[in-house]
């Protein structure tokens with residue numbers, strides 16, 4: 001039986017050695033220069049420009065094994081992952097391509113030869129499908145492919161089937177390259193009678209290879225256009241063909257997944273048995289699939305986050321954690337422990353996995369730690385939301401694969417929103433949990449609440465460049481001198497007042513409260529705000545007046561000097577002297593420092609660091625970058641050390657303008673956060689090119705001009721994005737002096753020397769810890785006493801103590817302990833405790849086993865009681881929890897609990 005590694009290599013060798021293909025390494029799962037995709041989801045993605053005729057390659061035949069992720073959009077297999085044995089979020093796509101070279105005859109003949117001669121698959125188990133045409137779109141049947149099957153292979157003619165557009169016309173997405181395809185299916189029925197099951201979703205007959213003949217491009221209107229050349233794009237799922245060749249019915253039974261399943265079994269103490277319905281086996285499949293996706297995605301730069309690609313990564317991670325929690329009762333981080341297993345068994349085929357496995361594991365672990373803080377409360381809230389589910393109405397659209405008969409209710413959009421914003425449950429995860437229980441979610445209400453929330457979150461928007469609406473065209477400004485000095489000359493062309501460009505009359509002094517005017521000259525040395533660097537300030541003077549510039553902005557190719565006339569007047573045609581405020585020298589220092597900082601962060605933290613924004617001012621600058629957690633003290637120190645080393649070495653800072661295509665080819669060059677670049681770009685280099693960035697800002701000539709550098713503070717801007725605030729030169733010196741002064745103050749206050757501060761603080765912390773322990777013991781004693789009072793006040797009914805009452809606020813775990821203690825002391829008991837936590841009601845019910853045997857159910861009891869306080873909940877027969885939002889009704893709810901227990905325990909002869 002061939003190993004997975006051997007199967008992959010046999011495929012590549014067949015096309016390279018026997019048919020002259022070039023091996024092309026897999027592209028990243030994070031697409032490059034393709035905004036239409038969240039993830040690479042097919043082998044053809046990296047060749048899309050060739051199919052469209054906009055790019056070329058030095059070869060016409062290619063073969064590879066492509067890393068793919070399918071979790072969103074048209075190719076979304078997420079809901080099936082774990083529920084069956086052959087869908088995956090991450091998989092390998094074995095493929096061969098022809099770029100205007102061979103076509104249908106060769107593609108079909110070679111596929112058949114590899115399957116039947118090299119891999120010796122039984123020919124009677126193979127079926128082929130071809131495109132039957134589509135009258136509505138005017139597409140003819142693919143008779144050429146049909147003839148090729150009969151002429152160039154010895155397939156059984158009855159095994160060639162015709163199917164319509166749904167099955168045999170391949171499209172990458174709503175737009176893009178497409179064409180008819182022929183698929184090869186494997187019949188795994190015992191008697192080889194599965195021909196009628198093709199494309200019926202029956203796991204006994206599966207597609208193993210798709211040969212696509214790309215000849216069209218579908219535009220945004222849906223129209224098809226013939227491509228300049230015809231191409232072949234084939235794709236075969238590596239996991240599926242491995243299962244076939246290893247004689248396995250399930251992909252998870254192959255040696256691709258065996259190491260991960262074994263590692264997870266060691267972690268959990270449970271065994272994988274392959275059941276399609278048992279929650280443990282489903283959990284095994286979900287987790288080993290998802291950890292492969294997470295390891296590859298994060299390695300390639302897809303960091304967990306709240307939007308776009310990052311939100312998908314986080315959703316997958318939390319789905320895996322949910323199964324760990326529910327199927328294996330794992331209550332601590334565990335996914336990160338599986339990363340080394342993925343790296344060990346896939347690192348030979350994909351060497352990039354070996355670059356920074358510890359960083360990938362660390363990112364996953366931090367995400368796990370974050371989610372573990374809320375998952376238990378979130379699952380409890382979801383259970384309550386499911387209990388509150390309302391009947392489905394026609395106003396709620398159902399998923400395409402659902403019907404009215406199998407949907408029993410709808411979870412409100414408000415509950416989905418609460419799970420998302422408070423408990424960190426991505427909507428995809430809530431949606432899947434709902435489907436598992438025969439429920440759907442109110443998508444429209446959730447979308448509305450999310451939009452309202454995002455609108456409110458924009459109360460402090462980032463500063464935006466001035467937006468002007470001016471009637472008619474504006475003249476172009478020559479601003480090249482901004483890079484060479486602080487003074488210059490220019491001719492006044494006019495100014496913007498309101499929405500008009502004024503080119504006649506005089507610009508005179510205005511009232512103090514008047515808005516600034518936008519002065520325009522033919523050339524300027526003022527820097528307009530862009531690339532994170534603020535606009536210059538300064539003065540513009542003529543023979544008749546002075547104009548004070550408070551800000552400089554840009555509109556298209558026009559530089560606009562915002563300010564007011566402070567003396568005399570200005571007029572069109574006048575020659576003006578321009579003087580930029582010397583404070584720009586500090587801005588220049590800080591801007592060059594951002595480049596050094598970016599380089600240093602990548603050196604210390606890793607190549608995943610990317611600039612996400614900056615604000616460069618004279619006194620300080622901020623720098624936003626991608627990273628999952630705060631800088632450790634030693635990392636922060638090392639970053640400062642590296643930046644200051646480069647400053648002290650006094651490296652030259654140079655720049656040059658290049659065509660963008662040429663600039664992109666420079667080693668290590670970086671471009672940033674969605675900036676739009678023209679045909680010619682400015683590249684700023686430091687030293688020998690260790691830092692090389694697209695940048696239009698102003699910079700020092702040598703790094704030594706920057707002066708000392710210091711990081712003032714660090715903060716998180718959201719998941720996966722950090723911000724550091726930094727200073728250079730005199731501001732850095734001032735910051736260091738302030739730190740020294742603070743240390744002196746602390747040492748004086750704590751009556752110790754500065755070098756003794758760590759030990760003195762540690763002693764204080766220990767003292768505080770001991771005092772807190774004393775307080776906790778006192779609180780536990782109070783809780784203990786409150787529980788004993790309730791026991792003393794208990795009502796006895798038919799030999800059962802009914803212990804009901806309000807308790808002091810305490811963590812739920814302590815309440816569980818008190819309930820267990822009361823059950824043990826009472827022997828036979830119904831315990832219902834209620835307390836207030838952050839303005840909400842919390843309820844807990846615990847029954848002894850003999851009471852359960854008499855028909856009482858803790859979950860059902862609390863479900864009725866929780867309605868009084870405007871909430872819900874449930875649980876097992878002997879233990880349940882619930883919550884509510886009306887604290888004023890807690891006493892009423894507890895009294896109802898007492899009465900319900902009395903009614904259900906009273907002997908039948910005493911019941912009304």
Gained length - residue 358 relative to residue 854, 0.36 nm times residue gap less alpha-carbon distance: 173.1 nm
Ranked on Cβ counts within 10 Å of their own Cβ, fewest leading, 32, 710, 63 go 32, 710, 63
Using a Förster distance of 60 Å, the FRET efficiency for residue 762-residue 489 (Cβ separation, nearest 0.05): 0.40
So what's the stretch 691-768 giving for Rg/Rh, alpha carbon basis, Kirkwood Rh from the mean inverse pair distance? 1.15
What is the pair-distance distribution P(r) of the stretch 528-615, computed from all Cα-Cα distances in 10 Å bins starting at 0, with each bin given as a whole percent? 15, 35, 25, 15, 7, 3
Determine, at each q value in 0.11, 0.12, 0.14 (inverse angstroms), the log₁₀ of I(q)/I(0) that the Debye formula gives when each Cα of the stretch 585-746 is one equal point scatterer. -0.43, -0.51, -0.70
With a point put 7 Å past each Cα toward its Cβ, work out how far residue 443 is from residue 792 in nm, to one decimal. 6.0 nm
For the stretch 793-910, treating each Cα as an identical point scatterer without solvent, what Debye log10 I(q)/I(0) comes out at q = 0.14, 0.18 1/Å? -0.49, -0.82
Tell me, 420, 290 in order of fewest to most beta-carbon neighbours within 10 Å? 420, 290
At residue 657 and residue 408, where each label point lies 7 Å from the Cα along Cα→Cβ, what is the point-to-point distance in nanometres? 7.1 nm
Using the Cα gyration tensor of the stretch 1-159, the equivalent ellipsoid's semi-axes, largest first and to the nearest Å, work out to 25, 21, 20
Rank the residues 541, 189 as a footprinting-exposure proxy: fewest other Cβ atoms within 10 Å of their Cβ go first. 189, 541
What is the distance, in nm, between label points placed 7 Å from the Cα along the Cα-to-Cβ direction at residue 581 and at residue 506? 2.8 nm
Per the helix-only calculation at 222 nm, which mean residue ellipticity applies to the chain, given -39500 (n - 2.57) for every DSSP H run of n ≥ 4 and division by its residues, nearest 500 deg cm²/dmol? -11500 deg cm²/dmol
Using all alpha carbons of the stretch 143-242, what is the percent of pairwise distances in each 5 Å bin, ordered from the shortest bin to the longest? 2, 11, 19, 22, 20, 13, 8, 3, 1, 0
Divide, for the stretch 257-373, the radius of gyration over alpha carbons by 2.2 N^0.38 Å, where N is the residue count. 1.01
Once R0 is set to 22 Å, what does the formula 1/(1 + (r/R0)^6) return for the Cβ-Cβ distance between residue 781 and residue 837, expressed as a FRET efficiency to the nearest 0.05? 0.65
Using r as the Cβ-Cβ distance of residue 262 and residue 737, and R0 as 45 Å, what FRET efficiency do you calculate, to the nearest 0.05? 0.15
Using packing as a proxy for protection, rank 207-214, 771-778 so that the peptide with the highest average count of other Cβ atoms within 10 Å comes first. 207-214, 771-778
Please report, in whole Å, how far the alpha carbons of the stretch 480-582 spread along each principal axis, starting with the longest. 33, 27, 23
Fully extended contour minus Cα-Cα distance, from residue 891 to residue 83, at 0.36 nm per residue: 286.4 nm
So the pair-distance distribution of the stretch 266-307, from every Cα-Cα distance in 10 Å bins, comes to percents of 25, 39, 25, 11
Find how many whole Å separate the alpha carbon centroid of the stretch 243-277 from the alpha carbon centroid of the stretch 284-314. 21 Å
Length added when fully stretched, residue 366-residue 348, from 0.36 nm per residue minus Cα-Cα: 3.8 nm
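Bear in mind that the values in this text are calculations on the coordinates, not laboratory data. What you see is a predicted model, and the numbers here were worked out from it, not measured in a lab. With ideal geometry, Cβ positions are generated from the backbone for all residues, glycine too; neighbour counts draw on all protein chains shown.
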